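Report on the following structure.
Each value in this text was obtained by applying a stated rule to the coordinates, not by laboratory testing. Small disclaimer: the values here were computed from a predicted structure and weren't measured. Cβ: placed from backbone, ideal geometry, glycine included. Neighbour counts: every protein chain shown.
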Amino acid sequence: MSTHWDLHCKDCNAGAGLRWNHGDQDLLKFLQGNGVGIVARLSALEVDVMLVGSPKEGNLLAFCAEHSAHRVVVRSEYGDVLTLTEQPAIP
Ligand SMILES: [Zn+2]
């Protein structure tokens, strides 16, 4: 069975629109490495960013820029939520 996962901001109730089938563990690793903060910093440059293996959907760069200071979790299309138990590896 397929399950599509996304980055989701709990503060704004907004998602990045990634719709990544079975992407839960990859998105958790992204959160764990402070990917949101890193991509937010890149958003000031003339670059685009996508995660290897993810579908070309949503807008990761804009999502990270807007929600990097918020509570971002990994959420499935069915509402299942995965959160980190550790602090991000890179502050
Ligand atoms: Zn937000």
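Ordered by the count of other Cβ atoms within 10 Å of each Cβ, fewest first, T3, T85 give T85, T3. Each Lys or Arg adds one and each Asp or Glu subtracts one; over the other residues with Cβ under 14 Å from the Cβ of W5, this totals -3. Full extension of the chain segment joining D80 with N59 gains 5.5 nm, where the gain is 0.36 nm per residue of separation less the Cα-Cα distance.
Neighbour counting of Cβ atoms within 10 Å sorts the residues H22, H67, H4, fewest neighbours leading, into H22, H4, H67.
Sites listed here are trypsin sites (Lys or Arg not before Pro) in the stretch 5-91 whose DSSP assignment is loop and whose Cβ has at most 13 other Cβ atoms within 10 Å: K56, R71.
Of the GluC sites (Glu not before Pro) in the stretch 21-91, the ones in a loop by DSSP (not H, G, I, E or B) with at most 12 other beta carbons within 10 Å are E46, E86.
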